[in-house]
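Here the structure is laid out as structure tokens; the discussion comes afterwards.
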Amino acid sequence: MSQLLEEKVIELKLDRSAWRLIKFGDVAIQQKGSVDRDNTDLSKYIKGEHMSSEDLHLREWGELTDEYLGPAFIRKFEEGDILYGSRRTYLRKVAIARFSGITSNTTFVIKANEAKIDKRLLPFLMLSEGFAEHSIRNSKGSVNPYVNWKDLADYEFLLPPKDQQAKLAELLWAMDEVVEKHQCVFLKTKDVFSSVVKCKCLNVSDSEIVLSDIIDNLEAGISVNSIEGKLGLSDKGILKTSAVSEGIFNPNEVKKVAPNEVSRLKTVVRKNSILISRMNTVELVGANVYIKENFQNLYLPDRLWQTCISREDVNTKYLWFILSSPQYRKKISDLCTGTSNSMKNISKQSFLGLKVKLPSKTIQDNAIKDIELIEYCLQDSEKKLNASKELQKSLINQIF
């Protein structure tokens with residue numbers, strides 16, 4: 001990151017004496033143009049999932065021939081328009097269109113009122129903490145909350161004069177360029193990492209072995225009562241199911257165990273084991289993570305398994321790279337049962353019946369050494385990306 005730019009952000013001192021209070025509706029114009037999808041030259045569409053949280057750049061989109069779109073997909077947008085997800089606004093989805101296309105009527109299409117605001121500044125205003133809090137506070141509904149344009153338009157903020165707007169827009173976009181460079185390095189490193197894992201861990205051996213011959217036991221946790229409050233050093237915590245997602249372990253997703261329930265706790269989280277979500281949503285059932293360290297005060301709920309492996313010819317982390325690969329996640333997902341459309345589960349017998357291809361322990365260990373070198377680069381790249389995003393957020397919130 002440019003040190004000069006970083007110092008500029010940290011030392012930003014703004015004279016707001018000439019700034020004036022104005023409403024969002026005075027600087028932003030909602031576009032309501034509709035499209036007849038059967039008679040249009042437009043070919044691309046944007047869904048909510050194509051927009052990432054706190055990311056102005058559209059990195060994904062769909063083609064109208066890809067799938068059936070419901071009747072809500074009638075809203076036209078043009079290149080340069082701002083797209084804003086009006087449902088679940090806590091996700092903070094704001095994106096600038098790279099092309100003209102179609103979106104749903106729950107996505108606000110916005111143009112800047114250039115008589116009052118530099119159009120380069122408007123998307124950053126919409127990423128500010130004040131704007132997000134206003135949008136969340138004025139949202140209606142509990143399951144799928146949404147905000148009305150009228151309520152959004154009432155948001156008030158201090159707007160600098162036009163000459164200052166241009167300078168601030170240049171600074172914000174320079175910061176965004178830094179973030180994008182770190183994002184590019186991170187994504188490329190991630191691709192290299194995935195390729196190395198695939199090359200070193202998948203189909204390396206012709207010898208298949210059943211998981212039940214590798215894993216001595218799948219330990220499950222237990223359901224206990226929890227209490228409100230932050231987990232202290234002497235407290236015991238039980239993980240939430242959400243602590244385990246695809247390859248990511250979040251030890252902060254934890255509930256404090258009631259004192260009278262501590263004696264019932266069963267399975268503590270151990271270093272060099274694999275945690276597996278045995279019961280979860282359709283998307284996350286079977287998700288698994290490798291545990292790198294001991295957590296002496298964290299215990300498993302009944303919806304998570306932990307592997308026990310005593311065989312000396314098995315590198316647990318190598319096995320995890322196999323189980324977390326897309327092809328094995330698909331195999332694990334295919335084992336799921338359950339009548340609910342939202343929740344599924346896997347039986348221990350089915351999971352342990354899976355077969356994997358394991359090479360010799362020497363090959364496993366050498367592969368992990370190579371992978372960990374790339375993994376270190378990936379982690380370093382992610383740290384730099386996150387640091388630049390935090391600096392960008394700080395800059396936006398200093399201005400708005």
Take the residues in segment 284-297 that are open to solvent by 10 Å² or more (accessible area, probe 1.4 Å) and over 17 Å from Ser347 (Cα atoms), then tell me which one is nearest to the chain's Cα centre (by Cα). Tyr290
All but one of (1) surrounded by 15 or more Cβ atoms within 10 Å (Cβ to Cβ); (2) assigned to a loop (DSSP other than H, G, I, E, B) hold for Val179, so report the exception by its number. (2)
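The rows are residues; the columns are (1) in contact with a Gly (Cβ under 8 Å, 6 or more places away or on another chain); (2) of a type in the set (Gly, Ala, Ser); (3) open to solvent by 40 Å² or more (accessible area, probe 1.4 Å); (4) over 14 Å from Leu298 (Cα atoms).
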residue	(1), (2), (3), (4)
Lys200	no, no, yes, yes
Val204	no, no, yes, yes
Leu218	no, no, no, yes
Ser223	no, yes, yes, no
Ser226	no, yes, yes, no
Lys255	yes, no, yes, no
Criterion (modelled with pLDDT of 95 or more and either under 24 Å from the mean Cα position of the chain (by Cα) or closer than 29 Å to Arg20 by Cα (or both)) met by exactly one of Val143, Val109, Val196: Val109
Can we say Glu49 is among the charged types (D, E, K, R), open to solvent by 40 Å² or more (accessible area, probe 1.4 Å) and part of a loop (DSSP other than H, G, I, E, B)? no
For segment 203-245, give me every one of the strands (runs of 3 or more DSSP E) that falls completely inside it and has 2 or more residues that are within 14 Å of Pro259 (Cα to Cα). 237-239
Consider segment 94-106. How many of its residues are buried (at least 21 other Cβ atoms within 10 Å of the Cβ) and either at pLDDT below 95 or closer than 21 Å to Asp36 by Cβ (or both)? 3
Residues of segment 309-343 satisfying the condition of being more than 13 Å from Val197 (Cβ to Cβ) and in contact with a strand residue (DSSP E or B) (Cβ under 7 Å, 6 or more places away or on another chain): Thr316, Cys336, Thr337, Gly338, Ser342, Met343
Does any residue of segment 359-381 turn out to be in contact (Cβ under 8 Å) with a residue 60 or more places away in the chain, under 30 Å from Ala169 (Cβ atoms) and either among the aromatic types (Phe, Trp, Tyr) or touching a helix residue (DSSP H, G or I) at 6+ places or on another chain (Cβ under 6 Å) (or both)? yes
Restricting to segment 342-387, name every residue that is open to solvent by 50 Å² or more (accessible area, probe 1.4 Å) and β-branched (Val, Ile, Thr). Thr362, Ile363
List pairs: first in segment 254-279 and in contact (Cβ under 8 Å) with a residue 60 or more places away in the chain and outside any loop (DSSP other than H, G, I, E, B), second of a type in the set (Ser, Thr, Tyr) and open to solvent by less than 80 Å² (accessible area, probe 1.4 Å), Cβ under 8 Å, 6+ apart or cross-chain? Ile276/Thr307; Met279/Thr241
Among the residues of segment 257-279, what is the count of those that are open to solvent by 60 Å² or more (accessible area, probe 1.4 Å) and on the phi < 0 side of the Ramachandran plot? 7
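The values are calculated or read from the model by the stated rules, or taken from the named source; none is laboratory data. Just so we're clear, the structure is a prediction, and the values are computed from it rather than from any experiment. Because the Cβ atoms are built from the backbone with ideal geometry, glycine has one as well, and the counts that use them run over all protein chains shown. The protein model used for the area step is the full one, side chains on, heavy atoms only, and it has no ligands, DNA or RNA in it. Shrake-Rupley method; radii C 1.70, N 1.55, O 1.52, S 1.80 Å.
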